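Trainee: For reference, the structure I am asking about is given below.
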Amino acid sequence: MVNTVMVEVGSEFEHLPEDCIANVVSFTTPRDACILSLVSSTFRSAAQSDVVWDRFLPSDYDAIISQSSTPPTYSSKKELYRHLCQNPLLIDAGKMSFALDKLTGKKCYMLSARNLFIVWGDTPRYWRWTSVTASRFLEVAELVSVCWLEIRGWIKSSMLSPNTLYGAYLVFKQSGAAAYGFENQPVEVSVGVAGEGDERRRTVYLEAPRPRRPRQQIVPRRTRIFSRVRSRLVESFDAAVAAVPSSPVDPFYPTERGDGWCEVQLGDFLNGEGEEKNVEMGVYEVKSGDWKGGLVVQGIEIRPKRKN
């Protein structure tokens, strides 16, 4: 069916001037442009032109790129588009990153940990700032130990693509065996417009789900033989627990990203057109009073949500 459509498109438009074809293609999508480039050599040349890919780039891309200390070099607008999809650009003195969604060209941002408000974040007893090679930012925030976890971030709606449904995600990882206090511990998260009282809160978890261990006192210990059997059962139970993965489709638990970090969705919001609002995102675990630590926070990412 796709090949038939491509042939029909080619036969109808093949004799049009290339700049006319390019103008038509520019009203499609980046994905469509790549497909149309397979129709013929004329379409390929038109679909790769700057006329097409300049339309796919944000109108203010020059202003955004100028904020980077290492702006990308490129020979065509298509090359720039692909670069921004694959290589997030550090802006705002390295405290924020900018990228494009590959399929739509919509804007994506990540607020670094330094760009967030973290309660007790400047107190070494509770948080420490360190460098991690896998992070896109110079610094990440490592949780030493707190009983009050509160992280908040803000972004102006005018920075984002209009008429777009966005999702906000906490990007983090656990620092090996040092992580504690998050097992089966509900964490409250929120997304909403600051000052308008419309924030939506829900509960998520920052650790993959684990079944709770049975209480030891209900297991009898009367004979040496039974004790050995029990020990083997407990070992096999622990092995099964460690093998339980987080669900890739469960929005309440973290999922592993392609860059080796984990993320959990804080919520979503519809960004309208011509609005100037501050979108606020938050992460809170302040009710249990339990101490927790070992969390490494890279930042909060705001990106378009794709339809399933």
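Trainee: In this structure, is THR29 open to solvent by less than 60 Å² (accessible area, probe 1.4 Å) and in contact (Cβ under 8 Å) with a residue 40 or more places away in the chain?
Mentor: For THR29, the condition - open to solvent by less than 60 Å² (accessible area, probe 1.4 Å) and in contact (Cβ under 8 Å) with a residue 40 or more places away in the chain - is met.
Trainee: What pairs can you find where one residue is in segment 175-201 and among the polar types (S, T, N, Q), the other is open to solvent by 80 Å² or more (accessible area, probe 1.4 Å) and modelled with pLDDT of 90 or more, and their Cβ atoms are less than 8 Å apart, with a gap of 6+ or different chains?
Mentor: SER190/ARG201
Trainee: With the checklist (1) part of a helix (DSSP H, G or I); (2) of a type in the set (S, T, N, Q); (3) free of Cβ contacts under 8 Å to residues at least 12 places away in the same chain in hand, flag the one item SER45 doesn't pass.
Mentor: (3)
Trainee: Right, another one. Show the residue pairs that are 6+ apart or on different chains and have beta-carbon atoms under 6 Å apart, the first residue being within segment 60-85 and on the phi < 0 side of the Ramachandran plot and free of Cβ contacts under 8 Å to residues at least 60 places away in the same chain, the second being surrounded by fewer than 16 Cβ atoms within 10 Å (Cβ to Cβ) and in a loop (DSSP other than H, G, I, E, B).
Mentor: ILE65/PRO71; LEU80/TYR74; HIS83/PRO72; CYS85/LYS102
Trainee: Now a separate question. Using the structure shown, decide if TRP129 is touching a Phe, Trp or Tyr at 6+ places or on another chain (Cβ under 8 Å), farther than 30 Å from PRO58 by Cα and among the aromatic types (Phe, Trp, Tyr).
Mentor: Considered against the rule, which asks whether it is touching a Phe, Trp or Tyr at 6+ places or on another chain (Cβ under 8 Å), farther than 30 Å from PRO58 by Cα and among the aromatic types (Phe, Trp, Tyr), TRP129 comes out as no.
Trainee: Does ASP198 satisfy the condition of being over 18 Å from the mean Cα position of the chain (by Cα) and either of a type in the set (Lys, Arg) or modelled with pLDDT under 95 (or both)?
Mentor: yes
Trainee: I need a count of the residues in segment 255-270 that are open to solvent by 30 Å² or more (accessible area, probe 1.4 Å) and hydrophobic (A, V, I, L, M, F, W, C).
Mentor: The total comes to 2.
Yes/no per residue for (1) over 28 Å from TYR180 (Cβ atoms); (2) at pLDDT below 95; (3) crowded, with 16+ Cβ neighbours inside 10 Å; (4) in contact with a strand residue (DSSP E or B) (Cβ under 6 Å, 6 or more places away or on another chain):
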residue	(1), (2), (3), (4)
ALA194	yes, yes, no, yes
ALA239	no, yes, no, no
SER247	no, yes, no, no
GLY272	yes, yes, no, no
TRP291	no, no, no, no
LYS307	yes, yes, no, no
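Trainee: Separate question: Taking the condition of being farther than 13 Å from GLY105 by Cα, open to solvent by 80 Å² or more (accessible area, probe 1.4 Å) and over 22 Å from the mean Cα position of the chain (by Cα), how many residues in segment 52-75 meet it?
Mentor: 7
Trainee: If LEU149 meets every condition in (1) over 22 Å from ARG202 (Cα atoms); (2) over 18 Å from the mean Cα position of the chain (by Cα) apart from one, which number is that one?
Mentor: It fails just one condition, (1).
Trainee: Now a separate question. Out of all the residues in segment 76-93, is one or more out of contact with any helix residue (DSSP H, G or I) (no Cβ under 7 Å at 6 or more places or on another chain), open to solvent by less than 10 Å² (accessible area, probe 1.4 Å) and more than 23 Å from LYS305 (Cβ to Cβ)?
Mentor: yes
The values are calculated or read from the model by the stated rules, or taken from the named source; none is laboratory data. It should be emphasised that the depicted structure is a prediction, and the values quoted were computed from it without experimental measurement. Positions of Cβ are generated from backbone atoms using ideal geometry, with glycine treated the same way; all protein chains shown enter the neighbour counts. The accessibility values were calculated without ligands, DNA or RNA, using every heavy atom of the protein model including side chains. Shrake-Rupley method; radii C 1.70, N 1.55, O 1.52, S 1.80 Å.
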